[in-house]
Each structure stands twice: as structure tokens, then as C-alpha cells.
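The values are calculated or read from the model by the stated rules, or taken from the named source; none is laboratory data. What you are looking at is a predicted structure, and each value in this text was computed from that prediction instead of being measured. Glycine also receives a Cβ, built like all others from the backbone with ideal geometry; neighbour counts cover every protein chain displayed. Quick note on the areas: whole protein, heavy atoms, side chains included, nothing else; ligands and nucleic acids left out. Shrake-Rupley method; radii C 1.70, N 1.55, O 1.52, S 1.80 Å.
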Amino acid sequence: MALARQHNIRLMSSVAPSDKATPSTTYSSNTKREIHSDPPRLQHAAQPTYYPEGSTAREAPRQEASSGMMDRFKITAEVTFSKIFPAGFGWQSSSIVAEEYLGYAPDTVAFALTTGLGDAIGVMAGHCAYFAAKKSITGDESINMERETQTGLLLASAAFCSGTAWQPLVDVLQAANLSFIQVFAGTWIGCGTAFYLGLRGARTILSGPCTYIHEPTYENSMTDKSLSVAIGGATGFFVGTDTAYLPTQNFLINTLGIHATTPAFAGCAIAGTSTSLGFLSSQATLNVMYPTGKLWNDGK
């Protein structure tokens, strides 16, 4: 079932990638949308740095567990603001363009690709703008914009995959007459997997020409997986913006529902909010459960 005509349409898609020298961090009948990092690597010996936010590169501090937990939540907040909200906003905006201006039906490949591109643009633009502003405001010369541009490209590539997959996946799950919670969970798993595969593929392709992107390794496959789980959560929450499918089962409808009367810009903002809440909820759980050094937002 296409998530059809509303001026509101769709994860988050995204979150952040990496850098070789210093890792960085980087949906629907009447509603549509989406949301979704990787540590790059220098050819010479690089100091261990925080995986998602490469521009704040610094040696990972050997601190107490409480301090490490605070760092996890700080990075989670930065990624949500700089990439996850822009990803959802970008998906929804591009869905409006695709349907209202380009004439693409929500169940077409062209629509899916357009929304995936919007998701990716949101991640890339949000990531680069955030670090450019941070460098300008704080005067932090450790922020390397070449590295951040490459990190943004890595994350945007993965976000394109999850953003493109969101609408077709939701359509298939809804067509199977699944309950809302089943569509929610299926979208979480499916888009999270798409993000992971996109991230690994982007590493393979971009690690050659891009100095600050690590090639695929076993170690970064583990951090990529943890990031992809959180991104999946962002895409799952975006399903809550669809007010047409089983509204009585939609436990997110009162908070995140995008209705036919919702203005376009407001719908985009709600989309970004949905992916942000999904990512924050998922990542907060991971932050508490995972042992030190095992998450994408730990010092490496």
C-alpha cells in the first residue's frame, strides 16, 4: 500500500561514519519519509579517536566508566542533531518533491530513489554544516573539513540505501496485513540492514580514493553493526508518522502522526523529529547495555 497523498511523506534515516585518521559519526500511504558511520584511517599511524565525530579528533581518554558514558550520550546527541534530524527532514521534503512536483507515485522506483537521495543529502549537508559551524564558532583547528566531508559522504552513501529501501519495505509489510508493531519491527530490521550493507559497500568503494575512510575490517564491522541498529530504530519510528495504517494500533500517532491537514514544512519537521526520537531511544539503550569500547561512539 503506497503511503499516498498527503503533503507529508516519510530515517535516518542516518547517523555518522568515520575517518582513517580519526573516526567520526556521522518513511506509507499518506505519509512518507526516512533516516542513517565509520572510522576513517590514515596511512600513517593515527591516534585513536572517537568513531563518529572525526573532527573532534583526540586521543581516546582513559577515563572512568561514568565519564565514558557521558561521552557516549554527548556524541549521540551531536549525531542526532547534525545527521538524524536532517535525514528525516530530507526524506520527507524529497517525497513531497517526488509526488507533487515530479509526479512519481509512492509505489514507484523513481519515488524510492528520490527519497533516498533526499535522505542522503540531509545527512551530508547536516554533517558538513555542523562541523563547519563548530569550527567557525569555537576556532577548533583540529576540525579537518576534508576529513568531515569524506565522513559525510560515507554516511550519506549508507543513508541513501536505507532511505531508498524505506517506502518499498513499508508497502510490502503493510500489503501483508501485518500489525502495526510488526511493520514497525520489520522496517527497523530491514532498513537497519540496508544501512549496514550500504556502509560496508561505501567503505569498499571509497576507502581507495578517500584518505580518511577505513576499508572494511572485522573491527569496524562490529561498530558499523551497532550504528546500523540505532539507524534502524530511527526508520522504525518514522512508520509512526503514517496516520492511515491501523491508526488504533499506532502508539506513536499522537506524537508523530503526519495528517492530511499538516502543512508541508511542519510535516518535514515531524519527520525529522520521528527519526531523532527513534535514534535516541535505540542508541540510549545501546549506550547503557554495551560494554566499554564496543560501540561506534566509543573511543577507539
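None of GLU100, GLU141 is surrounded by fewer than 19 Cβ atoms within 10 Å (Cβ to Cβ), more than 16 Å from the chain's Cα centre (by Cα) and in a loop (DSSP other than H, G, I, E, B) except GLU141.
Okay, residues lined up against (1) surrounded by 20 or more Cβ atoms within 10 Å (Cβ to Cβ); (2) not basic (Lys, Arg):
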position: GLY192; (1), (2): yes, yes
position: LEU199; (1), (2): yes, yes
position: GLY208; (1), (2): no, yes
position: ALA260; (1), (2): no, yes
position: SER282; (1), (2): yes, yes
position: LYS294; (1), (2): no, no
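Inspect all residues belonging to region 226-241 and state whether any of them is more than 22 Å from ILE189 (Cα to Cα) and at pLDDT 95 or above. Checking region 226-241: not a single residue is more than 22 Å from ILE189 (Cα to Cα) and at pLDDT 95 or above. Does ILE121 meet the test of being within 19 Å of SER93 (Cβ to Cβ), at pLDDT 95 or above and among the aliphatic types (A, V, I, L, M)? Answer is yes for this residue. In summary, ALA230 fulfils each of the numbered conditions (1) among the aliphatic types (A, V, I, L, M); (2) closer than 26 Å to ARG72 by Cβ; (3) touching a strand residue (DSSP E or B) at 6+ places or on another chain (Cβ under 9 Å) with the single exception of condition (3). Against the definition (at pLDDT 95 or above, out of contact with any Leu (no Cβ under 6 Å at 6 or more places or on another chain), of a type in the set (A, V, I, L, M) and open to solvent by less than 60 Å² (accessible area, probe 1.4 Å)), how does ALA175 come out, yes or no? Considered against the rule, which asks whether it is at pLDDT 95 or above, out of contact with any Leu (no Cβ under 6 Å at 6 or more places or on another chain), of a type in the set (A, V, I, L, M) and open to solvent by less than 60 Å² (accessible area, probe 1.4 Å), ALA175 comes out as no. Restricting THR285, THR248, THR292 to residues that are in a helix (DSSP H, G or I) and of a type in the set (S, T, N, Q) narrows the list to THR285. The single residue among ALA264, ALA284, ALA271 that is touching a helix residue (DSSP H, G or I) at 6+ places or on another chain (Cβ under 8 Å) and within 16 Å of GLN167 (Cβ to Cβ) turns out to be ALA271.
Of the residues that make up region 212-229, is at least one part of a helix (DSSP H, G or I), surrounded by 18 or more Cβ atoms within 10 Å (Cβ to Cβ) and among the aliphatic types (A, V, I, L, M)? Scanning region 212-229 turns up at least one residue that is part of a helix (DSSP H, G or I), surrounded by 18 or more Cβ atoms within 10 Å (Cβ to Cβ) and among the aliphatic types (A, V, I, L, M). Among the numbered conditions (1) out of contact with any Ser or Thr (no Cβ under 8 Å at 6 or more places or on another chain); (2) within 26 Å of SER157 (Cα to Cα); (3) part of a helix (DSSP H, G or I), tell me where ALA266 comes up short. In the conditions (1) out of contact with any Ser or Thr (no Cβ under 8 Å at 6 or more places or on another chain); (2) within 26 Å of SER157 (Cα to Cα); (3) part of a helix (DSSP H, G or I), ALA266 misses (2) alone.
Every condition in (1) open to solvent by 10 Å² or more (accessible area, probe 1.4 Å); (2) within 20 Å of GLY190 (Cα to Cα); (3) part of a helix (DSSP H, G or I) holds for ASP107 except the one numbered (3). Whenever a residue of region 84-96 is farther than 18 Å from ALA129 by Cβ and of a type in the set (A, V, I, L, M), its partners that are at pLDDT 95 or above and open to solvent by 20 Å² or more (accessible area, probe 1.4 Å), lying with C-beta atoms within less than 8 angstrom and at least six residues away or across chains, give the pairs ILE96/ALA264. Listed by first and then second residue, the pairs linking a residue in region 125-139 that is closer than 14 Å to LYS83 by Cα to a residue that is surrounded by fewer than 15 Cβ atoms within 10 Å (Cβ to Cβ), with Cβ atoms under 6 Å apart and 6 or more places separating them unless they lie on different chains, form an empty list.
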